[in-house]
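Below is one structure; the comments refer to it alone.
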Amino acid sequence: MDLTGKKVTLHDMSLRDGMHAKQHQLSLEQMVAISTGLDEAGIPLIEVTHGDGLGGASLNYGFPAHTDEEYLNAVVPKMKNAKISALLLPGIGTVDHLKMARDCGVNTIRVATHCTEADVSEQHIGMAAKMEMDTVGFLMMAHMVSPEKVLEQAKLMESYGANCIYCTDSAGYMLPDEVTEKIGLLRAELNANTEIGFHGHHNMGMAIANSLAAMDAGANRIDGSVAGLGAGAGNTPLEVFVAVLDRMQANHGVDLYKIMDVAEDLVVPLMDQPIRVDRDALTLGYAGVYSSFLLFAQRAEAKYGIQARDILVELGRRGTVGGQEDMIEDLALTMAKDKGLI
Amino acid sequence: MSKKLRAVIIGPGNIGTDLLMKMQRSDWIEPVWMVGIDPESEGLKRAESMGIKTSSTGIDGMLDQVIADDIRVAFDATSAYVHAENSRKLNELGVIMVDLTPAAIGPFCVPPVNLKQHASQLEMNVNMVTCGGQATIPMVAAVSQVQDVEYGEIVATVSSRSIGPGTRQNIDEFTRTTAGAVEAVGGADRGKAIIIVNPAEPPLMMRDTIHCLTKEAPDQEAITASVKNMVKEVQKYVPGYKLVNGPIFDGNKVSVFMEVEGLGDFLPKYAGNLDIMTAAGLRTAEMFAEEAHNGTITLPARG
């Protein structure tokens, strides 16, 4: 693989996807310290919101320590070079949240839908594009459908006004060949000026390999997370990815030692649990289940005595999609009843 | 004179057709007209073959027949954009409007919670909220009838096949309208609504989760009884409304997990979200008919 000189925009997820791993409890000080460190290390784009995006504050997904507005207002003014992005899932957040984020100085809006439901994003992508924001369509759980289906849905988002389309491996299920095929088709068929992105999870230990495959197939935005702080076994660990890109002489613009230090000095100490491929995270990848289900399944295990692994496999069998966290306790209750535990 | 109120259905799509099939079994409502805007529409042809009068020029094509045919109730199953005009024209002629669009000009109606009140006041336009609202607000109300609910949150998960283009293009309207009704009808101080669209095949049945935060520690026994009682009330018009788990209690949080299976009239059984709308809409009109028949209310006078 030759990525020599290839330009890539690295996008940090630790303050959004990482919120899942922190049960949305990062403090304003932690957000500011990490984002400032990333900015100094040369990371150009940093996502900040509740783990489930703007408006995610809820009993269903967890109430955060602070509102999206408070986090954004704390972080945005501190950035010297980095821009801030915000995630929005239609059905959870609305265009009102989107406008709030814009008013807070957010540069990039990423509108996320399940990989077959792009048409629920028309009003949000349209609004963000109309406000001349960097507008990204984010197709989640893209392992569940064919490359042609991903392309069809990507074209919808492109037609609504997205200037960048993501193929998102929310479950950390994909292997490199699948990434190559999907990103390759998007690159071949979308408008030449539409950017392509890849968002990985490390549940099968494939995040770095998949991100390289994505770049090789034409992606120029890659999501990762410093120290991997993210849902499941975490996202593509950015400091590792930067080191790999360095060796491959790709054009990433990030200071390796500085980002290593952010990972080691700021992020690892605040982890509630090691972000690693434990048996439950591995099950997410193996069974193709949305990564943020991890802690919910582990809590259900503690409460109802049903193994998290069994719950996750059943959720995969039922074809659950991102956002269906409420299904976990419901299913655990049903499984516990069937086993005579309650 | 028949006790049945004669009706017009506006919109010959899935909802309108399902409504028509349910209405043919009703003791209180008689379908007379179905109107659309496309002469080639399958729905209009189907209605015609069932002996229903049709117009393909919207309600304007039948307004002059309203009095002659003694039309007393209208069901609007179109979109929010045209609803206001439809409602104004029909209300002027003394026709009660049951609004199944998200327009929400009139007050929200969730039958087991506040229908009786609307019917007794002869409210001329009632809005049926959203499918997620019909499935969940009775549960919020079941809790708030026992004690104060500080916050109510509902999560509706529906099959991709059961969500039409109108809802998809304006999904924010669903979340806003439903959240508003969780407050206004459910009785929560603050409401939030989330909708998840799931494309699994075979299609999943509509499922709904309702979380409430009570102000004081929840009275578990009273809330459990109230929830079970409310489930029975909804089952009167949606037999497939099922309590899967709960209520379960965690501190001040009360959670209820529901599944809604439709009757499978025109819409498939998994589309419980659509079925609960048509069933609630019909139930609403039936209550007006019952109240008129009992003499509790007097329908607008006609010459």
**Report entry** Options B:284, B:90, B:58, ranked by Cα towards positive dipole end of chain B, top entry (Cβ charges)
**Finding:** B:284
Report summary line: Listed with the fewest Cβ neighbours within 10 Å leading, A:10, A:3, A:28 appear as A:28, A:3, A:10
Report task. For chain A, with a Gaussian network of springs between Cα atoms less than 10 Å apart, report the residue from A:249, A:25, A:153 with the top mean-square fluctuation. Result -> A:249
Query raised in the report: In nm², what is the average projected area of the convex hull enclosing the Cα atoms of region B:54-112?
Result: 4.4
**Report entry** Where labels lie 7 Å past Cα in the beta-carbon direction, separation of residue A:69 and residue B:216 in nm
**Finding:** 3.3
**Report entry** Relative contact order (%) - region A:292-338, alpha-carbon pairs under 8 angstrom, separation at least six
**Finding:** 47
Query - Total formal charge among the other residues, if their Cβ is under 13 angstrom from that of residue A:214, Lys/Arg +1 and Asp/Glu -1 - result: -3
Requested in this report: Can you tell me the alpha carbon radius of gyration of region B:1-118 divided by the globular rule-of-thumb value 2.2 N^0.38 Å?
Outcome: 1.00
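Calculate the all-directions average of the projected area of the protein assembly as shown's alpha-carbon convex hull, and give it in nm². Present the calculation step by step, with values, prior to reporting the outcome.
Details: hull surface 114.3 nm².
It is 28.6 nm².
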Report summary line: Taking the convex hull of the alpha-carbon atoms of region A:97-254 and averaging its shadow over every direction gives an area in square nanometres of 8.9
Report summary line: Relative to chain B, whose Cα atoms define the longest principal axis, helix B:272-294 and its Cα axis are tilted in degrees, nearest 10, by 70
**Report entry** Footprinting exposure proxy for A:16, B:25 (fewest neighbouring C-beta atoms within 10 Å first)
**Finding:** B:25, A:16
**Report entry** Cα gyration tensor shape for chain A, rounded if a/c is under 1.5, else prolate or oblate
**Finding:** rounded
Report summary line: So, for the Cα atoms of region A:292-338, Rg and Dmax in Å stand at 9.3, 26
Query raised in the report: Which residues does a label at residue A:220 reach in region A:172-204, if reach means a backbone N under 18 Å from a point 7 Å past the Cα toward the Cβ?
Result: A:183-199
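Excluding residue A:24 itself, calculate the net charge of residues whose Cβ lies under 13 Å from the Cβ of residue A:24, where each Lys or Arg counts +1 and each Asp or Glu counts -1.
Values: positive: A:16, A:22; negative: A:17, A:52, A:68, A:70, A:272, A:325.
Every neighbour counted, the sum reads -4.
Which value, in Å³ per residue, describes the convex hull spanned by the Cα atoms of region B:132-218?
Numbers: hull volume 6.8 nm³, N = 87.
It comes to 78 Å³ per residue, whole-number rounded.
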Report summary line: Most packed first (mean Cβ within 10 Å per residue), the peptides B:272-282, B:206-216, A:314-324 order as B:272-282, B:206-216, A:314-324
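Calculated FRET efficiency, residue B:81 and residue A:181, Cβ-Cβ r, R0 45 Å, to nearest 0.05?
Efficiency computed from Cβ-Cβ geometry: 0.60.
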Requested in this report: May I have the extent of the alpha carbons of region A:143-217 along their three principal axes, as whole Å values ordered from largest to smallest?
Outcome: 34, 22, 16
Query raised in the report: Long-range amide H contacts for residue A:196: which residues qualify at under 5 Å (H placed 1.01 Å from N, peptide plane, sequence gap of 5 or more or a different chain)?
Result: A:165, A:220, A:221
Requested in this report: Over 27 Å between C-alpha atoms is what I'm after, so list which of A:22/A:258; A:303/B:269; B:3/B:228; A:155/A:258; A:149/A:303; B:89/B:116 land there.
Outcome: A:303/B:269; B:3/B:228; A:155/A:258; A:149/A:303
Report summary line: Relative to the compact-globule estimate 2.2 N^0.38 Å (N residues), the Cα gyration radius of chain B stands at a ratio of 0.98
Query - Kirkwood-type radius of region A:168-293, with distances r between different C-alpha atoms, in Å - result: 14.8
Report summary line: Computed about the Cα centre, the charge dipole of region B:131-269 from +1 Lys/Arg and -1 Asp/Glu charges at the Cβ has a magnitude in debye, to the nearest 20, of 360
Report task. Using R₀ = 35 Å, calculate the FRET efficiency as 1/(1 + (r/R₀)^6) where r is the Cβ-Cβ separation of residue A:278 and residue A:334; round to 0.05. Result -> 0.90
Query raised in the report: Where does the charge balance sit around residue A:261 when Lys and Arg score +1, Asp and Glu -1, over other residues with C-beta under 12 Å from its C-beta?
Result: -4
Report task. Do me a favour and compute the ellipsoid semi-axes for region B:63-150 from its Cα gyration tensor, root of five times each eigenvalue, largest one first, whole Å. Result -> 29, 14, 9
Report task. Counting residues in region A:8-79 as N, plug N into 2.2 N^0.38 Å and put the Cα Rg over that result. Result -> 1.04
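Using the Cα atoms as the points, what is the convex hull volume per residue of region B:12-55 in Å³?
Cα-based convex hull of region B:12-55, divided per residue, equals 58 Å³.
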Report task. Calculate for the protein assembly as shown the 222 nm mean residue ellipticity that helices alone would give, adding -39,500 (n - 2.57) per DSSP H run of length 4 or more and normalising by residue count, nearest 500 deg cm²/dmol. Result -> -12000 deg cm²/dmol
Query raised in the report: Counting only the backbone N, which residues of region B:273-303 are under 17 Å from the spot 7 Å out from the Cα of residue B:88 toward its beta-carbon?
Result: none
Report summary line: Cβ density ranking, 10 Å radius, fewest first, applied to A:14, A:291 yields A:291, A:14
Requested in this report: Any chance you could get the radius of gyration and Dmax over the Cα atoms of region A:62-108, in Å?
Outcome: 10.9, 33
Report summary line: Looks like region A:55-179, by Cα gyration tensor root eigenvalues a ≥ b ≥ c and the a/c under 1.5 rounded cutoff (else prolate when a/b is bigger than b/c, oblate otherwise), is prolate
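Express the Stokes-Einstein translational diffusion coefficient of region B:159-298 in µm² s⁻¹, to the nearest whole number, given a Kirkwood radius over alpha-carbon pairs, 25 °C and a viscosity of 0.890 mPa s.
Translational D for this selection: 145 µm²/s.
I'd like the mean, over residues of A:50-60, of how many other protein chain beta carbons sit within 10 Å of each residue's own Cβ. Could the numbers behind the result be given before it?
Working: counts 0, 0, 1, 0, 0, 3, 1, 1, 7, 13, 9.
Mean inter-chain Cβ contacts per residue within 10 Å come to 3.
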Query raised in the report: Which three lengths, in whole Å and largest first, does region B:233-303 cover when its Cα atoms are put on their principal axes?
Result: 59, 34, 14
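None of the figures in this text is laboratory data; all of them are computed from the coordinates on show. Just so we're clear, the structure is a prediction, and the values are computed from it rather than from any experiment. Here the Cβ is made from the backbone with ideal geometry for all residues, glycine too, and neighbour counts use every protein chain on show.
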